[in-house]
Amino acid sequence: MNAEFKLFNISKRYGQREVLNIDNLEIGGGRIYCILGPNGAGKTTLFRIMSLLTLNDTGKIHVLGEEVTWQKNQVVRLRRKMAMVTQTSFMFEGSVYYNVAYGLRVRNTPAAEERKTVNESLELLGMMDFINQPARNLSGGERQKVAIARALAVKPRVLFLDEPTSNIDPASALDIERYIQYINKEMGTTIIMVTHNLFQARRLSEEIFFMWEGKIIEKGESEELFEHAQDKRTRSFIKGEIVF
Amino acid sequence: MDVIWQGIKEGFLLIIAMDPELVQITLLSIQVSVSALLLAAIMGIPLGTVLALKEFPGRKTLLNITYTFMGLPPVLAGLLVFLFLSTSGPLGYFQLMFTPTAMITAQVLLGFPIVCGLTARAVMAQPQEVFDTAATLGATRRQASWVIIRESRMGIIAALTTALGRLIAEVGAVMMVGGNIKGETRVLTTSIVLETRMGNDSSALAIGMVLLLIAFLIMLLILSLEKRTFKDERRIQIV
């Protein structure tokens, strides 16, 4: 299978500080991938570059089989094959329906199809009862479910999850983990997630990329990496000796 | 105190009696200030959004000039319009001095920087997440910009109400370019000045009450356009 993402010599600086420097990275498709690493390792920057929200300073990036030229139309076309859920799960002012329908509206989806897709997405996440409620009045867990429903409504090929359960209670977190697995296995969506939760990373991911000071220092199958990490920094992080 | 009570009483009587002259003055006040506000909004909201979102050389200077002009003295705005529209001015040919058009022009000069500057502040106050969320859901730049404006609408409404407050209560500019001509360019604020100069303090106060009522009704209309009332406004709960 062709890689969904290929990155060559990608770097990014903020002022004098280099936050990302990746020689070569390929991420395939159809699996749950996890990017691990302490704070400041460059996970979010890598995430933002892959989801075409931040421009890389150097290097080339291929997304879903295309080299990214950052031409306006191409960026929008590629972004429309992906979706993202952030840890704060920002909600637009308006109802849950408005939020879930947003991605469909910007694609000029006919009203009947929009209604059907919104209902399906909310039903899948068990959030139909909230459809007409103001989205900003929801609890953290409810918001996160609506954010996932909103992302699913546009039927993405790749779903980015940035700390999807960091601000919510354990019961809701487990619920969301189940949905993530369902979306991957039943809908075939590639999932790329960033998490600080090692248990969650082990439970969910099939492949792990471990980042340190802007570089990917180790990658491999999830179980293999948790059991037999080669790099001592990875081992320390997995053992909990390096906390964030 | 007698003058104040007398003024309040007269104010009620004026409102109830619907005096034709007062009605005409009130309608002209509304026409001038609302027209100026609409023009200021048509120009100020898009320009404020561009100043907030678009990076280009001179952006900060333009923003600083806008903020400075938010405090433009009405008399100075009147003077500028006067210099352009007077018979010896570059636009004197159009003979617009002492007409409602001149008054609207002067008020646009006062309202535009307020709408533009406060819109820019409201848009700049939005978090990066608004764009990110819209973009990752497939919005084009234009669609994402629109959603940023939508998210800023409380701030933009505040910009419009602030501008209206300044325009409806303003006297220096309309006096200078309108001339306070009875039946033609006399508005509520210039009437108050006239009545005060003539020593009719209670009448001046009564017209002031009408002015306040009109301002309140227009503000209410603007807020109801946003389907929000003072009651529904989000508040920080301090317990």
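The values are calculated or read from the model by the stated rules, or taken from the named source; none is laboratory data. Predicted model only: the values in this text are computed from it and were never measured. We place every Cβ from the backbone using ideal geometry, glycine too, and count neighbours over all the protein chains shown.
Structure values in brief
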quantity: One residue from B:LEU80, B:LEU91 being free of Cβ contacts under 8 Å to residues at least 40 places away in the same chain, farther than 27 Å from B:LEU160 by Cα and either over 16 Å from the mean Cα position of the chain (by Cα) or exposed (fewer than 14 other Cβ atoms within 10 Å of the Cβ) (or both); calculated: B:LEU91
quantity: Among (1) modelled with pLDDT of 95 or more; (2) part of a helix (DSSP H, G or I); (3) within 14 Å of another protein chain (Cβ to nearest Cβ) - the single one B:GLY155 does not satisfy; calculated: (1)
quantity: Hits in the stretch B:1-40 - residues which are without any contact (Cβ under 8 Å) to a residue 12 or more places away in the chain and under 16 Å from the mean Cα position of the chain (by Cα); calculated: B:LEU27, B:LEU38
quantity: Any chance B:GLY111 is among the small types (Gly, Ala, Ser) and within 14 Å of chain A (Cβ to nearest Cβ); calculated: no
quantity: Enumeration of residues in the stretch A:88-125 that are in a helix (DSSP H, G or I), closer than 16 Å to B:ILE148 by Cα and under 19 Å from the mean Cα position of the chain (by Cα); calculated: A:ASN99, A:TYR102, A:GLY103
quantity: Residue list for the stretch A:6-54, filter: among the aromatic types (Phe, Trp, Tyr) and either part of a loop (DSSP other than H, G, I, E, B) or at pLDDT 95 or above (or both); calculated: A:PHE8, A:TYR33
quantity: Positions within the stretch A:79-97 being more than 10 Å from chain B (Cβ to nearest Cβ) and either at pLDDT 95 or above or under 24 Å from B:ARG142 (Cα atoms) (or both), in sequence order; calculated: A:SER95, A:VAL96, A:TYR97
quantity: Every residue from the stretch A:98-120 that is within 11 Å of chain B (Cβ to nearest Cβ) and not aromatic (Phe, Trp, Tyr); calculated: A:ASN99, A:VAL100, A:ALA101, A:GLY103, A:LEU104, A:ARG105, A:VAL106, A:ARG107, A:ASN108, A:THR109
quantity: Among (1) touching a Lys or Arg at 6+ places or on another chain (Cβ under 7 Å); (2) surrounded by 18 or more Cβ atoms within 10 Å (Cβ to Cβ); (3) within 14 Å of another protein chain (Cβ to nearest Cβ), the one test that A:ARG143 misses; calculated: (1)
quantity: Boolean, B:ALA159 is buried (at least 24 other Cβ atoms within 10 Å of the Cβ) and in contact (Cβ under 8 Å) with a residue 40 or more places away in the chain; calculated: yes
quantity: Qualifying residue in the stretch A:177-187 (condition: buried (at least 16 other Cβ atoms within 10 Å of the Cβ), polar (S, T, N, Q) and either under 15 Å from the mean Cα position of the chain (by Cα) or within 16 Å of A:THR88 (Cβ to Cβ) (or both)); calculated: yes
quantity: Yes/no for A:ILE216 being touching a Leu at 6+ places or on another chain (Cβ under 7 Å), under 18 Å from A:THR45 (Cβ atoms) and among the β-branched types (Val, Ile, Thr); calculated: yes
quantity: Residue list for the stretch B:113-133, filter: farther than 16 Å from B:VAL75 by Cα and within 11 Å of the chain's Cα centre (by Cα); calculated: B:ILE114, B:VAL115
quantity: Helices (runs of 4 or more DSSP H) (entirely within the stretch A:126-244) containing at least 3 residues that are within 13 Å of A:VAL85 (Cβ to Cβ); calculated: A:140-153, A:170-187
quantity: Looking only at the stretch A:60-77, and only at residues there that are touching a residue at least 24 places away in the same chain (Cβ under 8 Å) and crowded, with 18+ Cβ neighbours inside 10 Å, the one that is nearest to B:ALA135 (Cα to Cα); calculated: A:VAL63
quantity: Filtered residues of the stretch B:134-152 (kept if part of a helix (DSSP H, G or I) and touching a residue at least 12 places away in the same chain (Cβ under 8 Å)); calculated: B:ALA134, B:ALA144, B:SER145, B:VAL147, B:ILE148, B:ILE149, B:GLU151
quantity: Residue selected from the stretch A:121-130 under the condition modelled with pLDDT of 95 or more and surrounded by fewer than 19 Cβ atoms within 10 Å (Cβ to Cβ), by the criterion farthest from the other protein chains (Cβ to nearest Cβ); calculated: A:ASP129
quantity: Test: residue in the stretch B:198-216 that is touching a residue at least 24 places away in the same chain (Cβ under 8 Å), in a helix (DSSP H, G or I) and more than 18 Å from B:GLY7 (Cβ to Cβ); calculated: no
quantity: Considering residues of the stretch A:68-78 that are of a type outside the set (Lys, Arg) and in a helix (DSSP H, G or I) only, the residue nearest to the other protein chains (Cβ to nearest Cβ); calculated: A:VAL76
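A quick yes/no check of all residues on (1) more than 20 Å from B:GLY44 (Cα to Cα); (2) among the β-branched types (Val, Ile, Thr); (3) out of contact with any His (no Cβ under 8 Å at 6 or more places or on another chain):
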residue: B:PHE94; (1), (2), (3): yes, no, yes
residue: B:THR101; (1), (2), (3): no, yes, yes
residue: B:THR140; (1), (2), (3): yes, yes, yes
residue: B:GLU170; (1), (2), (3): no, no, yes
